[in-house]
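The values are calculated or read from the model by the stated rules, or taken from the named source; none is laboratory data. Small disclaimer: the values here were computed from a predicted structure and weren't measured. Positions of Cβ are backbone-derived with ideal geometry, glycine not excepted, and every protein chain shown enters the neighbour counts. Remember, those area values only see protein heavy atoms, side chains included, never the ligands or the DNA or RNA. Shrake-Rupley method; radii C 1.70, N 1.55, O 1.52, S 1.80 Å.
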2 protein chains.
Amino acid sequence: MACKSILVVDDDFQIREIFSQMLEILGHQYQYAADGLEAYHVLKNKEFDLVLCDIRMPEMDGLELIKEIEKINPDVPFIMVTGFSDEYTYDLVMKSGARDFIMKPFTIEELENKLNRIFKELCVSEENKSLLEKQIQLNKRLSALLTIAGELSSELDFERLFPLIVSRVTVAMDAERTSLYIIDGESGEIWTKVAQQVEEIRVPLGSGISGRVAESGKTINVTDAWELDYFDRKFDVKNNFRTRSVLCMPITNRSGESIAVIQVINRIDGGHFDDDDENLLKALSGQIAVALENSFLMEELQSSFEGFIRTLSAAVDARHRFTAGHSQRVTEYSRIIAEELGLDAGQLETIKYAALLHDIGKIGIRDAVLMKNGPFTPEEREEMNKHPAKTLSILKKFHFPKRLEQVPLVATYHHEKIDGSGYFEGLAGSEIPFGSRILAVADVFDALTSRRDYPKYTKDAILGHNPMPLAKAVTIMKEGAGSHFDQEVINAFLSCLPKILTLYRGAHFPLEYVDEMIASLQAG
Amino acid sequence: MACKSILVVDDDFQIREIFSQMLEILGHQYQYAADGLEAYHVLKNKEFDLVLCDIRMPEMDGLELIKEIEKINPDVPFIMVTGFSDEYTYDLVMKSGARDFIMKPFTIEELENKLNRIFKELCVSEENKSLLEKQIQLNKRLSALLTIAGELSSELDFERLFPLIVSRVTVAMDAERTSLYIIDGESGEIWTKVAQQVEEIRVPLGSGISGRVAESGKTINVTDAWELDYFDRKFDVKNNFRTRSVLCMPITNRSGESIAVIQVINRIDGGHFDDDDENLLKALSGQIAVALENSFLMEELQSSFEGFIRTLSAAVDARHRFTAGHSQRVTEYSRIIAEELGLDAGQLETIKYAALLHDIGKIGIRDAVLMKNGPFTPEEREEMNKHPAKTLSILKKFHFPKRLEQVPLVATYHHEKIDGSGYFEGLAGSEIPFGSRILAVADVFDALTSRRDYPKYTKDAILGHNPMPLAKAVTIMKEGAGSHFDQEVINAFLSCLPKILTLYRGAHFPLEYVDEMIASLQAG
């Protein structure tokens, strides 16, 4: 039995002496109190493993003492010491809350047995308690992990996933800050988008803590980063931050490849990250790996989908030297107008794809018509005007994802006019999807400001092959409001025209036109 | 204190009488044994909450009895009954493993106190034990859940995810069988792909257990499905199965929409599914919901990506009336040849997209060349032969997902020849990607068997505008092996030719050609 601290409470000096001799032999530490009141004050200020307590004492007897101590420390066990002739019965003593009693006279074996029994009981109950607590802690962590796993895996958009990982890990790990670095094997770098409160960083593999972990695949766990000679303090200095404890771990995918590095900084309680923390971060890393890989896959697929559409749309435009870049420009104008109108991300995405694809039907128009150098015959005009219908029949076969299901119609109706005089269905006003009304403005504006194969006329004036002067084009757009175009869209178009012109200043729009027009717009 | 069962062991009839009176007053059940040996046999066959045991007895004394009982049931607590004059010391008694002792003579209060103290101690330790066990169970479930969550969320392919969910849920829920139904709101049905050992099933919303859960969004938990009047026994009868306990729960996405129904059948231990099971399945459902939604999203995106490519490829082919359907057919031929060659799923996917896109460069060839009715001039031939280069320049901009990164090259090299005499790079033998060598065979075979705009010649014989007779085309393919084509690919092509012909029998290939050719191939 390990050495315990025991308080002996007895008014009888001789009994105290006997106890002291026995406790010394048994290897325990002890202290005296001569009566209940003294013991009370001692126990208020100091922890003991056990109290050996006489019952009959002046000032405050043993049973009163137990009662008082119960209020301040109910866990300290008492063994009551009774005389055989005492009027205190066994029942009275045990009911008082004492763990046991010992009758005078007693042998050292008897005392040893009583002590051992109580200490063993306490030890078992202590063990049970700490086991239970450990299990409860473990449960809490697992529940938290499960919640985080669910949250992470339901976020497939990398742009939102990244900050979500950072914030969840920071809370789960009780850290001040978390950095997530993605490993870019091709450039031999790791990069982070937005660590909390710190700007974007690119670090070569092997450099600093995260760079080392990314390169070696081995965890680094330190109490004070400033003690590492390879730690670069300049970020701390720049951001008025002091990095102390750091736990930095590789995130590996199912093939065992390191794909990222997670770094938690400054354990909130000020200590270092321990084994439990490492285990938790390891479990988190597994979930992070899955979520990251899914978002990469989704991003790859989405960007190849978009790349495909952009390339095809450019290839279709490029069949005619003067329409090259047309769909791309219409897409940019539409985006700027839609943003000006305050449309949401979903609507912007629909308009983007509709703009890229609005002329895809021209794939089915013969060169002889599409590239004709001169005005169309009525038959050629009819064929040319079929391109929205062709766009629709192509786009209908695409099986767009649900969030993009409006794309085919928005793309198709870009030649409808607000007064119902457009083609190919002659829709009017609110029958025309709002997105199509934006496309119509962007499409016509780009046509007016592009070179053409044959001279156009306004009444009797020959306008020629060159792009129309910007002022003239803007006037035509304004005049079309309410008949050809939606008034609200034209208003937005006019508001954001400087932005549109600036985007292609010196490219599609000659320098002098742009600057002159912006000056005139600003003048009123 | 609740009634306990107590064994009184004493050879003294009077003492037994005293105990019996007291225990009756205290409300406990009791039984006698007159000595240690008798007690030993009683305790071997029956559980007691406590033993009140004399020490000094004939045959087997109390201390021997404790020792023997410890071997068969160490948990039963003993209170030893000693006389004041007994030679058995306190130490000896307590060291034997007894929980306490009582000295004759004793009062009923003394006995009550001893009993209460021990039962209370036992109760606390029992409570601790069961709490701990519960926590350990909970931990096991959470760990299992976390593992399953990770597995499910890393599987984005619906075809693999579906059986994965079914198998993991079956094991986690200790069930015999699991069914997963997807809710098809449009058709008003639920459907399942592959329940274990049961064929595909479609059920109207509201019908049967799963149909009801899908419609109402409410869990159904029954002990015997056959007692429900709406349970359809015909699947059981057909599959020689007996459905008993069923727990069926809706799976809802983050917007609270029911997207699926999970049904576990026949708890393995034969009982019904209890509250703990419901909670576990509910937690599993959350993870399943995320995994299903991700796979739906991925499937949507992938199918719209594929739809886009198929549509565009068809639109490009359709510019020329005689090439309509060409890329689609080349894709099918290539797939059949590649399967014949035993290529894996990844290679098949690459070849599929490469085949669909191999002529996409024709988008940039002028109508005058593409649709020329007659043999090409050298200049026109040169322009026409640029289409693989145009295909490459378009496909390079696509940012294909990593697993499809070979598509541009495989598509581009479909006019290379095995002897190095092809275009546009003059690659030879193994320099040509294997996929391109398959495409070359499929492409030429389709060209030979399609109508053309101007008559072709072999030496001096005019072959005309009509598709070449199949036998002639096959001869040309065979003759090209080793110079134009890869010998291995030609061998595979010849082996699977009946499959290719059957696929387009009566469509691209005239009926009589197909049947004649298949007969001749079968003849040798």
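Assorted remarks:
- The other copies place their B:Leu37 label points at 6.4 nm from this one, listed shortest first, where each point is 7 Å from Cα along Cα→Cβ.
- Solvent-accessible area lost on pairing B with A (1.4 Å probe, both sides summed) amounts to about 5800 Å².
- For chain A, the longest principal axis of the alpha carbon atoms and the long axis of helix A:434-448 meet at an angle near 50°.
- Over segment A:198-253, all Cα pairs binned in 5 Å intervals from 0 give whole-percent P(r) values of 4, 19, 26, 29, 16, 4, 1, listed from short to long.
- Relative contact order for segment B:9-64: 41 percent, from Cα pairs under 8 Å spaced at least 6 residues apart, divided by residue count.
- Based on alpha carbons, the Rg and Dmax found for segment A:145-220 are 13.1, 35 Å.
- For the protein assembly as shown, the Cβ-based charge dipole about the Cα centre amounts to some 6720 debye (Lys, Arg positive; Asp, Glu negative; other atoms uncharged).
- Ignoring lysines fewer than eight residues from A:Lys234 along the same chain, the ones with Cα atoms less than 22 angstrom from its Cα are A:Lys193.
- Helix A:108-153 and the longest principal axis of the C-alpha atoms of chain A enclose an angle of approximately 0°.
- Partners of B:Lys472 within straight-line reach, counting lysines whose Cα lies under 21 Å from its Cα and excluding those fewer than 8 residues away in the same chain: B:Lys417, B:Lys456, B:Lys459, B:Lys499.
- Solvent-accessible area, 1.4 Å probe, carbon plus sulfur percent, for segment B:46-127: 51 percent
- Label point 7 Å beyond Cα along the C-beta direction, distances from A:Arg160 to other copies (nm, shortest first): 2.6
- Projecting the Cα positions of B:Leu247, B:Val237, B:Thr219 onto the charge dipole of segment B:204-322 (unit charges on Cβ atoms of Lys, Arg, Asp and Glu, taken about the Cα centre) puts B:Val237 furthest along the positive direction.
- Protein heavy-atom surface of segment B:155-294, 1.4 angstrom probe: 45% of the accessible area is carbon and sulfur, with nucleic acids and ligands not counted.
- Rounded Å value of the spacing that divides the Cα centres of segment B:221-295 and segment A:466-522: 62 Å
- Distances between copies at B:Gly217, taken between label points 7 Å from Cα along the C-beta direction, are 4.8 nm in increasing order.
- Cα centroid separation - segment B:378-404 against segment B:133-178, whole Å: 47 Å
- Segment B:Asp229..B:Lys499, full-extension length gain: 92.2 nm, with 0.36 nm per residue of separation and the alpha-carbon distance subtracted.
- Separation of alpha-carbon centers, segment B:298-336 and segment A:1-78, rounded to whole Å: 93 Å
- 30 Å tail of the calculated P(r), segment A:318-523, as % of Cα pairs: 18 percent
- Accessible-area loss of 20 Å² or more (1.4 Å probe, protein heavy atoms, chain alone versus all protein chains) is found in segment B:140-171 for B:Leu142, B:Leu146, B:Gly150, B:Ser153, B:Ser154, B:Leu156.
- Degrees separating the helix A:470-480 axis from the principal Cα axis of chain A, which is the longest one: 80 degrees
- With helices as the sole contributors, the protein assembly as shown gives -17000 deg cm²/dmol at 222 nm; each DSSP H run of n ≥ 4 counts as -39500 (n - 2.57), and the sum is divided by every residue.
- For segment B:271-322, trypsin sites (Lys or Arg not before Pro) meeting the loop criterion (DSSP other than H, G, I, E, B) and having at most 10 other Cβ atoms within 10 Å: B:Arg321.
- For segment A:218-325, the Cβ-based charge dipole about the Cα centre amounts to some 660 debye (Lys, Arg positive; Asp, Glu negative; other atoms uncharged).
- Whole-number accessible area per residue in Å² for the protein assembly as shown, which is evaluated in the context of all protein chains at 1.4 Å: 47 Å²
- Cα-based Rg of segment B:155-294 normalised by 2.2 N^0.38 Å, two decimals: 0.96
- Descending principal axes extents, the protein assembly as shown, alpha-carbon based, whole Å: 134, 85, 58
- Summed side-chain charge close to B:Val124 - residues other than B:Val124 whose Cβ falls under 12 Å, Lys, Arg +1, Asp, Glu -1: 0
- Accessible-area value, A:Ser303, 1.4 Å probe, nucleic acids and ligands omitted, Å²: 50 Å²
- Accessible area of segment A:318-523 belonging to carbon and sulfur atoms, whole % at 1.4 Å probe: 53 percent
- Shape descriptor for segment A:5-124: Rg over Rh equals 0.92 (Cα atoms; Rh from the Kirkwood inverse mean 1/r).
- Cross-link pairs A:Lys390/B:Lys390; A:Lys114/B:Lys95; A:Lys140/A:Lys282; A:Lys120/B:Lys134; A:Lys71/B:Lys114; B:Lys352/B:Lys402 - those with Cα-Cα distance over 19 Å: A:Lys390/B:Lys390; A:Lys120/B:Lys134; A:Lys71/B:Lys114
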